[in-house]
1. May I ask you to say which residue of E106, E112 is in contact with a strand residue (DSSP E or B) (Cβ under 7 Å, 6 or more places away or on another chain), within 13 Å of L35 (Cα to Cα) and acidic (D, E)?
2. Looking only at the stretch 34-61, which residues are part of a helix (DSSP H, G or I) and exposed (fewer than 12 other Cβ atoms within 10 Å of the Cβ)?
3. Among what's in the stretch 4-60 and is among the small types (G, A, S) and modelled with pLDDT of 50 or more, pick the residue that is farthest from the chain's Cα centre (by Cα).
4. Which one is surrounded by the fewest Cβ atoms within 10 Å (Cβ to Cβ) among residues in the stretch 62-91 that are among the hydroxyl-bearing types (S, T, Y) and part of a loop (DSSP other than H, G, I, E, B)?
5. Just to be sure before I move on: is K82 among the basic types (K, R) and modelled with pLDDT of 65 or more in the structure I sent?
6. Which one of the conditions (1) over 13 Å from the mean Cα position of the chain (by Cα); (2) over 17 Å from F92 (Cα atoms); (3) free of Cβ contacts under 8 Å to residues at least 60 places away in the same chain does D134 fail to meet, given that it meets all the rest?
7. Does M1 satisfy the condition of being modelled with pLDDT of 75 or more, loosely packed, with under 13 Cβ neighbours inside 10 Å and farther than 30 Å from S120 by Cβ?
Amino acid sequence: MKTITKYILVFVLVTAFVDGAVSQDASNSSVWKTLSKITYKKQYDELMGFKIDVPVFSDQVKALSGKEIEIKGYIIPVEGYKSHKEFIFSAFPYNMCFFCGGAGPETVMEVEAAEPIEYSAEQVVLKGKLSLNDTDINRLMYLITDAVLVED
């Protein structure tokens, strides 16, 4: 009887671990899905002298504002970002990212890291506080601050 109890306990623990790992991976991809829930409105910009597309964030996106999120993606090397503490992060690899014309602006975010994060061409996971931007056309619409690399 004790052997059966041990097997049941092991099964329950393994199932809980696997479910946790799957839901963690799903939550990483679901953050990008949630961030894609935006629309745009045309608004005249005095500085530019013409109408521009301004993001309108859904309630789901607004609910993430100011919250700590964990998100999986790719570091995009962009000239003008001075260090490994400031960079662009993308849902897609460099050859498919927004800056190459392969995706929309909702698939990238600016990162301000707490400590320098070394560049990798592989997918990485970051954790940090999400901010939304719908006013400064010189910035991306998403920013993650105090970002740290999440080790596997």
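1. Selected residue: E106, the only one of E106, E112 that is in contact with a strand residue (DSSP E or B) (Cβ under 7 Å, 6 or more places away or on another chain), within 13 Å of L35 (Cα to Cα) and acidic (D, E).
2. Hit for the stretch 34-61 is D59, nothing else.
3. G49
4. Only one residue fits best here, namely S83.
5. No; evaluated as a whole, the condition is false for this residue.
6. Answer for D134: the failing condition is (3).
7. No; evaluated as a whole, the condition is false for this residue.
The values are calculated or read from the model by the stated rules, or taken from the named source; none is laboratory data. In this text the structure is predicted, and so the values were computed from the model without any measurement. All Cβ positions, glycine included, derive from the backbone under ideal geometry; neighbour counts span all protein chains shown.
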